[in-house]
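Reviewing the structure listed below.
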Amino acid sequence: MPFSFLTLEVQLIAAAIYSTMYIISEIKVWRHSRHTDVKLLPTVSGGHWLWGHEKEAFEAPNGQFYIDNFRKHGRAFAMKGALLHSDILAIADPAAVAHVLSKDAFAYHKADATRPLIGNQASRSLAWTEDQQHQRQRATLAPLFTNEAIKAMSQTIHDTAQKLVTTLRHHVYHNTDTRSGPSSTTTINTLDWTFAATLTVIGIVGLGYDFQLGINNADAVAIHIAWRQIAQYGTTFVAFLLPLITRAFPFTLLAHLPVKAVQAHGETEAIIHRRALNLIAEKQNPHECDGDEKKKGSNFLNTLLQTRPQNPHVGHSYKDILEHVSTLILGGHEKTASTISHALYALAHNRPAQDQLRDELLNFERSPPPPTGFAAPSEPSYDDFLKRLPVLDAVCNETLRMYPSVMKSTRVAVLDDLIPLRFPIVNPKTGRTLTSIRIKAGQTVEIHHMAINQSQDAWGPDAAEWKPERWISCKGSSAIGSPPSPRNVSHGWNGMMSFLEGPRTCIGLRLALFECKIIISELIKAFEFLPDAKVENLSSATTLTTPHIMGNGQDGMQIPVRVRCL
């Protein structure tokens, strides 16, 4: 009897809470509808009474919910929010996206639903800050990513890529049935290998610390385990629900909840802070550090420490520097690893493109010859990687177009605004044509990068196919800077949303591209990649592109291919 009474009581309380939220929501909608055009846009049909369209969008693989609705309704539509949130505005119109992210970028902030997680996951540095604070931090960190700075990282990236090849070759040899002859292969999860390589690179250039491809390195293993926990968490219902609770109840301490993935981010940051503090202590006591530590040379941490007395924007405490370094390291390796792995997966499923890329790399000749002591006469220089390898350019461009490392961006309007449209939207019910969209402060705006990158309006009817040839002109030179249909594409890098656009464009863009090109080059010259017959397609259904085998998500994040030594 007490249990039945408790159940009824809980039901009544839940009904009262829901009714109150509903009334408040309706009042907000009524107030907003008087001064907003969102209700005049085409709206996705249906929608759950509690989850709106957000759960459907979350569960749809590879951004398909947004791709389908942009194709059906045009480059802006409205969708119902969860937990009685007002309608969400989804945009893919180039002028609208540029307005939100570039022209009036600081009038749109990251959503309250995501900021606590960003602060916990990537530190309270560049990815977390807004407005003038963001501008100051970006000015501080920008010198770390100039062409000259990245060129100085070349040898580190080359050395790491070659160590990766050696280690992977050893693995293939010891995991292949040699009785099958030279055609024998072994299957690997490319993410495990590319993650180890990119973590090692960013460890050296960021901290002056070598994670050693994760071999006999407890910190690297701990970071890898945490990364897999975070990726697995991202596919769960809890990952969908918690940001919605934070949005509905902003006082919720989401970042401090005892969720394994949230805690895993904190553990990863603690490892980086510990390593950084050790190196800071060694700099302050140079007589106590060994010879190798003295030769660490230039890295993000050293550079920030050296500029600290002269640059007030760096901050007056080591905490500020630790936050910057954590952001650069946490955001600077897993996304690059994902891009490299997707490229290998795509090449495994496109043998002609893989053969064409290998031919370009093996037959490359430097001009002029390299300086004495450089790796080899046929090894491309930094400038060569930028300008003289069109097939490699095409492979990287097309991979970033098809598989952006971050699926979408969510912004909330700080002020009432008028968002312009390059392509007018017609309401099918009223016939009214909108050339701009009036919104109220507090309006949630979603920009889905994958849907924009795969828009048929911009990239043609084969937009959903991985086709690197679309980036190569008939003369054989790379078409970088001249994407198809300039009027139709994003204002971002190469007409894509892979690195965002405007003042929040990824600060590590140059490093990520250069690292991708070197690691892909070394792997393609040393190995042949073949599709795994058990894998028909990959699926990603979260904000970050965390791929798993479609229909087999319980096994965690995977991009499997078969490998054969050449």
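Listing for the model above:
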| read-out | value |
| --- | --- |
| Full-stretch length increase - R169, D462 - with 0.36 nm per residue and alpha-carbon distance subtracted | 101.9 nm |
| Computed FRET value (nearest 0.05) for R136 with K103, which takes r as the C-beta separation and R₀ as 22 Å | 0.60 |
| Label-point gap, in nm, between D359 and T303 - each point 7 angstrom along Cα→Cβ | 3.9 |
| Computed E for E469/Q162 - FRET, C-beta separation, R0 41 angstrom, nearest 0.05 | 0.90 |
| Linear extension gain, R487 paired with L415, 0.36 nm per residue minus alpha-carbon span | 23.1 nm |
| Where trypsin sites (Lys or Arg not before Pro) fall in DSSP loop in the range 396-450, at most 13 other Cβ within 10 Å | K429, R432 |
| Pairwise FRET efficiency - L241 versus E379, Cβ, R0 = 51 Å, nearest 0.05 | 0.50 |
| Added length on full extension, which subtracts the Cα-Cα distance from 0.36 nm per residue, A270 to R351 | 24.9 nm |
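Just so you know, all these numbers are worked out from the coordinates, no wet-lab data involved. Note that this is a predicted model, so its numbers are computed, not measured. All Cβ positions, glycine included, derive from the backbone under ideal geometry; neighbour counts span all protein chains shown.
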